[in-house]
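Chemist: One structure follows; several queries about it will come next.
The values are calculated or read from the model by the stated rules, or taken from the named source; none is laboratory data. Everything quoted here is computed from the prediction, not taken from an experiment. Methodologically, a virtual Cβ is constructed for each residue, glycine included, from the backbone with ideal geometry; neighbour enumeration extends over all protein chains shown. Surface accessibility is based on the protein's heavy atoms, side chains included, excluding ligands, DNA and RNA. Shrake-Rupley method; radii C 1.70, N 1.55, O 1.52, S 1.80 Å.
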Amino acid sequence: MRNLMIIMSMLVFVGCAHSQPDATSPIKQADFTVEKVGDGIYVHHGAHLDIDTGYQGDICNLSFVVGSRGVAVIDTGGSLKVGQQLREAIRKITPLPVLYVINTHVHPDHIYGNAAFLADKPQFIGHEKLANAMATREEQYAKLNLRLLGDEAKGSVLVKPTMAVKTTLEIDLGDRKLQLTAHPVAHTNTDVSLADSKTNTLFAGDLLFIERTPVIESDIKGLIAALEQFKTGQFTQVVPGHGPVAKDWQTAIDNALRYLNILLADIRTSIKKGESMEAAMNTAAASEKEKWVLFDIANRRNVNILYPALEWE
């Protein structure tokens with residue numbers, strides 16, 4: 001059962017040195033582009049690709065925050081190569097040291113670039129359950145990464161956290177602080193979000209998907225609760241785990257909540273009617289189909305994860 005959940009989690013996953021580029025100008029490095037979305041806030045947007053249709057280790061948002069003392073990196077990509085591209089992009093923007101590398105959760109598209117930052121000797125930060133989750137999944141993740149990435153999987157070792165977030169943790173980059181929050185079980189059991197004090201930017205990790213169909217590995221009710229909690233915040237913008245940065249972030253969260261609540265209600269209805277899980281895969285949240293990218297495959301996986309758990313409510 002543990003190995004099955006590990007496999008399913010892989011299916012779920014889905015200027016000059018001292019100056020900063022203009023906020024409207026993406027920084028391009030070969031085909032690796034970084035967008036400045038705020039004062040000292042940069043995001044690389046991964047492609048909306050599924051594991052079965054062209055996964056190349058670069059499908060999620062990778063971010064970094066530049067303070068007066070140094071840099072915090074937020075997620076590092078699905079391979080050493082992607083992590084190296086991110087590190088090179090950072091070096092083109094600032095010579096300041098990378099002080100922290102933060103993983104928002106355990107999924108491999110967010111963590112395998114950590115190894116690119118080892119020479120910087122940062123603190124690697126994650127949820128208090130992240131190190132154990134990495135250890136539990138390490139063998140299966142390595143096999144799947146090798147199958148999916150081939151030679152580009154080489155050197156993509158897991159680097160576990162050296163600092164754990166149990167509830168909240170504050171880190172200081174100089175003229176700005178990042179407030180990290182460890183969440184109860186939701187998208188995974190290792191979810192961390194963080195907020196930047198200078199720009200009021202929320203980095204939601206995979207607790208929030210925009211455009212791409214939300215996915216759930218663990219607890220849909222916990223994920224709904226986390227999103228409802230975000231709605232009470234005072235943010236200027238939100239960086240999701242997948243999709244564009246949102247200024248109208250309340251609408252983005254409402255869209256995700258709509259999908260999740262419909263999915264939950266439809267699966268419960270199917271169970272109550274005695275319908276099979278396979279039947280539920282074809283009907284649950286069908287009304288949302290035209291509203292999301294990669295809906296068919298992601299929604300079926302969500303039902304496959306959630307149906308057995310909801311049977312025991």
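Chemist: Please state which of the following conditions residue 206 fails to meet, knowing it meets all the rest: (1) crowded, with 18+ Cβ neighbours inside 10 Å; (2) part of a helix (DSSP H, G or I); (3) acidic (Asp, Glu).
Modeler: Looking at each condition in turn, residue 206 falls short on (2).
Chemist: Please go through the stretch 150-171 and pick out each residue that is touching a Leu at 6+ places or on another chain (Cβ under 6 Å) and of a type in the set (Val, Ile, Thr).
Modeler: 165, 171
Chemist: Among the candidates 291, 231, single out the residue that is closer than 27 Å to residue 63 by Cβ and more than 19 Å from the chain's Cα centre (by Cα).
Modeler: From the options 291, 231, the qualifying one is 291.
Chemist: Return the total of residues in the stretch 245-264 being out of contact with any helix residue (DSSP H, G or I) (no Cβ under 7 Å at 6 or more places or on another chain) and open to solvent by less than 50 Å² (accessible area, probe 1.4 Å).
Modeler: 3
Chemist: Still on this structure, please answer the following. Condition first: touching a strand residue (DSSP E or B) at 6+ places or on another chain (Cβ under 6 Å) and aromatic (Phe, Trp, Tyr). Can you find one or more residues in the stretch 95-104 that meet it?
Modeler: The answer is yes; a qualifying residue exists.
Chemist: Report yes if residue 109 is modelled with pLDDT of 90 or more and either in contact with a Leu (Cβ under 8 Å, 6 or more places away or on another chain) or over 20 Å from residue 125 (Cα atoms) (or both), otherwise no.
Modeler: no
Chemist: Anything in the stretch 27-70 that is over 21 Å from residue 148 (Cα atoms), at pLDDT 90 or above, open to solvent by 10 Å² or more (accessible area, probe 1.4 Å) and not in a strand (DSSP E or B)? List them, or say none.
Modeler: 39, 68, 69
Chemist: A further question follows. Just give me the residues in the stretch 160-176 being open to solvent by 20 Å² or more (accessible area, probe 1.4 Å) and part of a loop (DSSP other than H, G, I, E, B), in sequence order.
Modeler: 160, 161, 162, 166, 167, 174, 175
Chemist: Right, here's the next one. Taking the stated definitions as given, is residue 241 under 26 Å from residue 177 (Cβ atoms) and either open to solvent by 10 Å² or more (accessible area, probe 1.4 Å) or not basic (Lys, Arg) (or both)?
Modeler: yes
Chemist: Only one of these is in contact with a strand residue (DSSP E or B) (Cβ under 6 Å, 6 or more places away or on another chain) and of a type in the set (Val, Ile, Thr): 125, 111. Name it.
Modeler: 125
Chemist: So, in the stretch 86-107, exactly how many residues are surrounded by fewer than 23 Cβ atoms within 10 Å (Cβ to Cβ) and among the polar types (S, T, N, Q)?
Modeler: 1
Chemist: Same structure again: If residue 218 satisfies all but one of (1) of a type in the set (S, T, N, Q); (2) open to solvent by less than 20 Å² (accessible area, probe 1.4 Å); (3) part of a loop (DSSP other than H, G, I, E, B); (4) modelled with pLDDT of 95 or more, what's the number of the condition it fails?
Modeler: So residue 218 meets the others, but not (2).
Chemist: State all residues of the stretch 274-309 that are open to solvent by 40 Å² or more (accessible area, probe 1.4 Å) and not in a helix (DSSP H, G or I); if no residue qualifies, say none.
Modeler: Once the filter is applied, which keeps residues that are open to solvent by 40 Å² or more (accessible area, probe 1.4 Å) and not in a helix (DSSP H, G or I), the stretch 274-309 yields 274, 275, 276, 293, 294.
Chemist: For the stretch 128-159, what are the residues that are open to solvent by less than 70 Å² (accessible area, probe 1.4 Å) and among the β-branched types (Val, Ile, Thr)?
Modeler: 136, 159
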